[in-house]
Amino acid sequence: MTKTEAKKEFVKNRDQYITVDFTNNFYYRIYKQNFIFLDDKLSCVVLSPKGYALGMGYDSAKNYLIHTRSFFEDLNYETFIDDEFWNAPINYIRSGSKWGLVLYNPEKTKIIQMFPQELKDHVYYVYLRVWNYDVWMNLYLDAQSVNSEKLKDSGF
């Protein structure tokens, strides 16, 4: 979908994107400015927990992460990366992890990436990104290639 098509779709069906129901009172929303485009193609959409623009407490962030994973697993998404601390905001942030939890759909057309971040002291935010599978995999493989080169050039 091109940038123009994505913006038209958003305006046309805005109500669908303001409240995205993940069941059990877990809601996300999509902002048009949270579209990520590569080469004028929509490559990623970032979803935000609805009602938490200023962040949430530790337990709420953890609950959002756990429930969101279950939501996608119920849709038969499979795990690609299962970071040890993907659902523990304080530990995840301290770990310096890059990927968080990464799932993919059975058709291998979508990647779901989620992770917590700290906005300020003890206020957290849940990032949920829906990527085009091929785009995300290329980003991931490029990062892995850089790491391999660094290992090779380390002299050890």
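Assorted remarks:
- Pair list, Cβ < 7 Å and 6+ apart or interchain, from the range 22-40 residues that are among the basic types (Lys, Arg) to residues that are surrounded by fewer than 15 Cβ atoms within 10 Å (Cβ to Cβ) and part of a loop (DSSP other than H, G, I, E, B): ARG29/THR19
- Residue that is of a type in the set (Gly, Ala, Ser), touching a strand residue (DSSP E or B) at 6+ places or on another chain (Cβ under 9 Å) and either open to solvent by 70 Å² or more (accessible area, probe 1.4 Å) or assigned to a loop (DSSP other than H, G, I, E, B) (or both), where the choices are SER60, SER43, SER97, SER48: SER97
- Close pairs from the range 109-131: first more than 13 Å from TRP99 (Cα to Cα) and open to solvent by 60 Å² or more (accessible area, probe 1.4 Å), partner of a type in the set (Val, Ile, Thr) and in a strand (DSSP E or B), Cβ under 8 Å, at least 6 apart: LYS110/VAL130
- Scanning the range 103-125 for residues that are in contact with a helix residue (DSSP H, G or I) (Cβ under 8 Å, 6 or more places away or on another chain), assigned to a strand (DSSP E or B), farther than 11 Å from ARG69 by Cβ and of a type in the set (Val, Ile, Thr) gives a single hit, ILE111.
- Residue in the range 68-81 that is more than 13 Å from TYR127 (Cα to Cα), open to solvent by less than 50 Å² (accessible area, probe 1.4 Å) and in contact with a helix residue (DSSP H, G or I) (Cβ under 9 Å, 6 or more places away or on another chain) present: yes
- Filtered by the rule that a residue be of a type outside the set (Phe, Trp, Tyr) and out of contact with any helix residue (DSSP H, G or I) (no Cβ under 9 Å at 6 or more places or on another chain), the range 26-35 gives GLN33, ASN34.
- Residue list for the range 132-141, filter: part of a helix (DSSP H, G or I) and crowded, with 19+ Cβ neighbours inside 10 Å: TRP136
- Once the range 4-18 is narrowed to residues that are open to solvent by 60 Å² or more (accessible area, probe 1.4 Å) and closer than 25 Å to ALA61 by Cα, the residue that is nearest to the chain's Cα centre (by Cα) is GLN16.
- Residue check for LYS32: open to solvent by 30 Å² or more (accessible area, probe 1.4 Å) and more than 25 Å from PRO116 (Cβ to Cβ): no
The values are calculated or read from the model by the stated rules, or taken from the named source; none is laboratory data. Small disclaimer: the values here were computed from a predicted structure and weren't measured. Glycine also receives a Cβ, built like all others from the backbone with ideal geometry; neighbour counts cover every protein chain displayed. Side chains are part of the model used for accessible areas, which takes the heavy atoms of the whole protein and leaves out ligands, DNA and RNA. Shrake-Rupley method; radii C 1.70, N 1.55, O 1.52, S 1.80 Å.
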